[in-house]
1. Would you say Ile122 is modelled with pLDDT of 95 or more and in a helix (DSSP H, G or I)?
2. Taking the condition of being open to solvent by less than 60 Å² (accessible area, probe 1.4 Å) and touching a residue at least 24 places away in the same chain (Cβ under 8 Å), how many residues in the range 112-140 meet it?
3. Considering only the range 143-153, I want to know if a residue exists there that is among the acidic types (Asp, Glu) and outside any strand (DSSP E or B).
4. Would you check which residues across the range 120-155 are acidic (Asp, Glu) and within 15 Å of Leu77 (Cβ to Cβ) and list them?
5. Taking the stated definitions as given, is Asp243 of a type in the set (D, E, K, R) and under 30 Å from Ile26 (Cβ atoms)?
6. Are there any helices (runs of 4 or more DSSP H) wholly within the range 187-266 with 3 or more residues that are open to solvent by 80 Å² or more (accessible area, probe 1.4 Å) and either out of contact with any Ser or Thr (no Cβ under 8 Å at 6 or more places or on another chain) or among the charged types (D, E, K, R) (or both), and if so which?
7. Within the range 12-44, count every residue that is touching a strand residue (DSSP E or B) at 6+ places or on another chain (Cβ under 6 Å) and either more than 28 Å from Thr115 (Cβ to Cβ) or among the hydrophobic types (A, V, I, L, M, F, W, C) (or both).
8. If I ask for residues that are open to solvent by 50 Å² or more (accessible area, probe 1.4 Å) and over 31 Å from the mean Cα position of the chain (by Cα), which ones from the range 269-283 would you list?
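The values are calculated or read from the model by the stated rules, or taken from the named source; none is laboratory data. Note that the coordinates shown come from a computational prediction; the quantities given were computed from them, not determined experimentally. Quick reminder, even Gly has a Cβ in these numbers, built from the backbone with ideal geometry, and neighbours come from all protein chains shown. These area figures cover heavy atoms from the full protein model, side chains too; ligands, DNA and RNA do not enter into them. Shrake-Rupley method; radii C 1.70, N 1.55, O 1.52, S 1.80 Å.
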Amino acid sequence: MIFDLKDLKTAEKQYYLQHVIAPRPICFASTIDKEGNVNLSPFSFFNLFSTHPPIVIFSPSRRVRDNTTKHTLENVLEVPEVVINIVTYDMVHQVSLSSCEFSKETNEFIKAGFTPEPATLIKPPMVKESKVKLECKVIEVKPLGTEGGAGNLVICEVLKLHIDDSLIDDNGKIDQRNIHHVARLGGDWYCKVDETNLFHVPKPNTELGIGVDALPETIRNSKILTGNNLGQLANVQEIPVVDPSFYDTELKNIIQYFSINPDEMEKELHIYAKKLLEEGKVREAWQVLLV
Ligand SMILES: Cc1cc2nc3c(=O)[nH]c(=O)nc-3n(C[C@H](O)[C@H](O)[C@H](O)COP(=O)(O)O)c2cc1C
């Protein structure tokens, strides 16, 4: 299917875009109006956009249904401060409950069963149960339109970051496996980040990878190696050379059994290289492919 966005109704645009631009982290925003009424609502149109200055943006949209605005937006226009509480798996149902359209006077901390904790620099309270909280100053609110579905960018400068000790390892670093973020996808779908679905991709930050276009043709056009496999192989700074000290029993067996049939041998080498790449053994995979 291919859509021209101008031909879609607003609800359809929302439906397709929210399913495909996913997963989105969730900002659980605590705000306050000038009378001191506290509000707590989740927003998944949210992300980090700058670290120096430290800027995060979330977007309370105009309702598609009736073009009304959200209390959170009204609050930040009155008191330009917000605590962004990061949403984790153990709180997701309470967070969802807080997204009901309660009246402006209703405090969602009470409705959803969260504990308010004073922030140190700003007026809105933090959510005690949240393991990460960002005290922020709202530096700009940028409306993106005037009709239902239009977002309002709430551009926030992070002043203070609170991280629960349970997330920190013995070296004082954040252990990503302990946070258990949840993220929003389309409709009622969410996903949970935990050890079972986390993986590393080595960052090519200083040296340039050779690129897929520089891989030998037999590798680049392999029917066995995947795009991910080629990405791993092409992230070396130069094509490796045969290492005479490299010894591998499986490689030896392949060479022995298939030497009379070069096509079969290439296929077997690629299958074995793929297995090594899936174990993260890029150097070994290169040695196999160099045969
Ligand atoms: C996980 C989650 C994410 C949401 N993300 C957004 C969002 O990014 N923008 C938005 O306008 N509404 C979003 N909503 C809906 C608002 O939370 C909901 O409209 C809420 O009632 C707004 O509260 P308020 O009027 O008290 O500010 C989300 C709801 C949930 C449960």
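1. Values: modelled with pLDDT of 95 or more: yes; in a helix (DSSP H, G or I): no.
Answer is no for this residue.
2. 16
3. Pass one, the range 143-153, residues among the acidic types (Asp, Glu): 147.
Subset that is outside any strand (DSSP E or B): 147.
Checked the range 143-153: at least one residue is among the acidic types (Asp, Glu) and outside any strand (DSSP E or B).
4. Here is the first cut: in the range 120-155, the residues acidic (Asp, Glu) are 129, 135, 140, 147.
The answer is Glu140, and nothing else.
5. Values: of a type in the set (D, E, K, R): yes; under 30 Å from Ile26 (Cβ atoms): no.
So Asp243 does not fit the description; no.
6. Values: elements: 217-220, 227-233, 249-258.
Where helices (runs of 4 or more DSSP H) fall fully within the range 187-266 and carry at least 3 residues being open to solvent by 80 Å² or more (accessible area, probe 1.4 Å) and either out of contact with any Ser or Thr (no Cβ under 8 Å at 6 or more places or on another chain) or among the charged types (D, E, K, R) (or both), they are 249-258.
7. Residues flagged as touching a strand residue (DSSP E or B) at 6+ places or on another chain (Cβ under 6 Å) and either more than 28 Å from Thr115 (Cβ to Cβ) or among the hydrophobic types (A, V, I, L, M, F, W, C) (or both) within the range 12-44 amount to 8.
8. Of everything in the range 269-283, just one residue is open to solvent by 50 Å² or more (accessible area, probe 1.4 Å) and over 31 Å from the mean Cα position of the chain (by Cα), namely Ile271.
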